[in-house]
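The values are calculated or read from the model by the stated rules, or taken from the named source; none is laboratory data. Computed from a predicted model, the values in this text were never measured in an experiment. In this analysis, Cβ positions are derived from the backbone assuming ideal geometry, glycine residues included, and neighbour counts consider all displayed protein chains. Keep in mind that these areas ignore ligands, DNA and RNA; they rest on the heavy atoms of the full protein, side chains included. Shrake-Rupley method; radii C 1.70, N 1.55, O 1.52, S 1.80 Å.
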Amino acid sequence: MSAPAESSYAIRNYRSSDREAVRGLCCQTGFLGEPIDPVYEDRELFADFLTTYYTDHEPESSFVLEMEGEIVGYLLGCRRPLWNQLYSLYQNVVLFLRALSRYFRYNGRSRRFIRWTLVHGWREVPAAPRRTPHFHINLLPSARKISTTRALMSAYLSYLYKRGEKRVYGQMVTFESRRGERMFERYGFKVLNRAEITKYKAYYPESVYLSTVVKNLETAGPLRVTSRPRS
């Protein structure tokens, strides 16, 4: 059977009916693009932490990628950063208490993940611009193509530009076999900074980084991919 044509995908605005699919996809890609379960077993709390603000409090800023009627990717966006930061303060307390109440029911790997989050997690997040819109993007392995990533990004950047936003940033996990920084540089983003994250050291042999990338919004036109410079 031949692979689906690239024209078979569609980008559209997030709908409330997409919530469970987005949460499921978040967990399916939570461990370096693979399912989070080997690292942390509580999919409910994991999805709450990474998606709830965007799906429940600013859904108009998010987009999904569909192939043959199935959601295979999403971009969760925020253009109200102050509200997002205030919500995160409240959410972190609530989720900490919920995780604490379940801690002794978790397996050893999940307890290790909780301890890392409390002791090291906040130290290993690189700085990001304040009062600037941001986004999180995730796609299933079968949907990770230049064309689909570009289409999701174009939809969001056009949305921001039309509302008068001047800059946007994202934070992404990068490692040797997944050169996300280089890919986003081709879309006009600049790497602001990065920090090594240690939560995967027990499961993955390579160094893993969280990188902050920033882009100035100069146009509402389609996102163009620049050619990769020769090394």
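At-a-glance table
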{"quantity": "Single residue of 22, 93 found to be β-branched (Val, Ile, Thr), touching a residue at least 40 places away in the same chain (Cβ under 8 Å) and either under 30 Å from residue 146 (Cβ atoms) or open to solvent by 60 Å² or more (accessible area, probe 1.4 Å) (or both)", "calculated": "22"}
{"quantity": "Filter result (open to solvent by 70 Å² or more (accessible area, probe 1.4 Å) and aromatic (Phe, Trp, Tyr)) within the range 101-117", "calculated": "104"}
{"quantity": "Flag for residue 87 being assigned to a helix (DSSP H, G or I), buried (at least 17 other Cβ atoms within 10 Å of the Cβ), at pLDDT 95 or above and out of contact with any Pro (no Cβ under 6 Å at 6 or more places or on another chain)", "calculated": "yes"}
{"quantity": "Candidates 158, 231, 227, 177 - the one that is of a type outside the set (A, V, I, L, M, F, W, C) and modelled with pLDDT of 80 or more", "calculated": "158"}
{"quantity": "Qualifying helices (runs of 4 or more DSSP H) (wholly inside the range 97-188; at least 1 residues being touching a Pro at 6+ places or on another chain (Cβ under 9 Å) and among the aliphatic types (A, V, I, L, M))", "calculated": "146-162"}
{"quantity": "Scope the range 128-167; condition of a type in the set (A, V, I, L, M) and under 16 Å from the mean Cα position of the chain (by Cα); matching residues", "calculated": "128, 137, 139, 140, 143, 151, 152, 153, 155, 157"}
{"quantity": "Test result for residue 98, among the basic types (Lys, Arg) and open to solvent by less than 70 Å² (accessible area, probe 1.4 Å)", "calculated": "yes"}
{"quantity": "The range 1-19, residues that are loosely packed, with under 13 Cβ neighbours inside 10 Å, at pLDDT 90 or above and either under 15 Å from residue 142 (Cβ atoms) or of a type outside the set (Lys, Arg) (or both)", "calculated": "10, 16, 17"}
{"quantity": "Top-ranked residue in the range 118-167 [being surrounded by fewer than 16 Cβ atoms within 10 Å (Cβ to Cβ), of a type in the set (A, V, I, L, M, F, W, C) and in contact (Cβ under 8 Å) with a residue 24 or more places away in the chain; ranked as farthest from residue 66 (Cα to Cα)]", "calculated": "127"}
